Amino acid sequence: MIGDWLDIGAFDEIPPRGGRTVPVIGGEEIAVFRTGDDQVFALVNRCPHKRGPLSQGIVHGHAVTCPLHNWNISLATGEALGADKGCTPTIPVRVDAGRVLLSRMAVLATAMAA
C-alpha cells in the first residue's frame, strides 16, 4: 500500500556511491544512499561515534565511512564495522517504478524519538 510509504524522489537523483538527505520536521534527518551495484539504503544521518553526518561520507561496497573519524558503518544494519562499536537506526526503503520510498512509520518514529 503506497500510503505506508513516503515518496522522496527519483532513484536517478541519487548518484551511484552517493547519498542524499531527507529532512524530518521535529525528527532526525535521514540519509539515503545508493551503492555502486544500485542497492538503496536509508539510515538516520548520524554516526554512532560522534554524530557525524553520514550523508557526507564515502560509500564503498555496502558501507559508508563517517567523514569525521573514519568509522565504517554497515548500510544494511547501521552497525559499526571492525573494532568499533555502535549502531545508527536504519529506515526501511524500497524502489518502485524508479521512485525511492521510505517507510512512513519509521520516518514518524524518528520524529517521536527526537
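The values are calculated or read from the model by the stated rules, or taken from the named source; none is laboratory data. Not measured: the values here are computed from a predicted model. Reconstructed Cβ throughout: ideal geometry from the backbone, glycine too, with neighbour counts over all protein chains shown. Heads up: the accessible areas ignore ligands, DNA and RNA and are worked out on the full protein's heavy atoms, side chains in. Shrake-Rupley method; radii C 1.70, N 1.55, O 1.52, S 1.80 Å.
Evaluate E = 1/(1 + (r/R0)^6) for residue 99 and residue 51, where r is the Cβ-Cβ distance and R0 equals 30 Å; express this FRET efficiency to the nearest 0.05.
On the way: r = 30 Å, r/R0 = 0.99.
With R0 = 30 Å, the Cβ-Cβ based efficiency is 0.50.
For residue 76 and residue 7, compute 0.36 nm times the residue count separating them, minus their Cα-Cα distance, and round to one decimal in nm.
Details: separation 69, 0.36 × 69 = 24.84 nm, distance 2.01 nm.
Length difference between fully extended and current span is 22.8 nm.
Share of carbon and sulfur in the accessible area of the chain stands at 54%, probe radius 1.4 Å. Multiplying the residue separation of residue 17 and residue 60 by 0.36 nm and subtracting their alpha-carbon distance yields 14.8 nm.
With charges set only on the Cβ (+1 for Lys and Arg, -1 for Asp and Glu), what does the dipole of the chain come to about its Cα centre, in debye to the nearest 20? Don't jump to the answer; show the numbers that get you there.
Details: 10 positive and 11 negative charges, 63 e Å.
Magnitude of the dipole: close to 300 debye.
You can think of it this way: the chain between residue 87 and residue 113 has 7.8 nm of extra reach, that is 0.36 nm per residue less the Cα-Cα gap.
Keeping all protein chains in place, calculate the accessible area per residue for the chain (probe 1.4 angstrom), answer in Å². Could the numbers behind the result be given before it?
Details: 6090 Å² over 114 residues.
That works out to 53 Å² for each residue.
Its DSSP H runs of at least 4 residues, each contributing -39,500 (n - 2.57), put the calculated 222 nm mean residue ellipticity of the chain at -2500 deg cm²/dmol, to the nearest 500.
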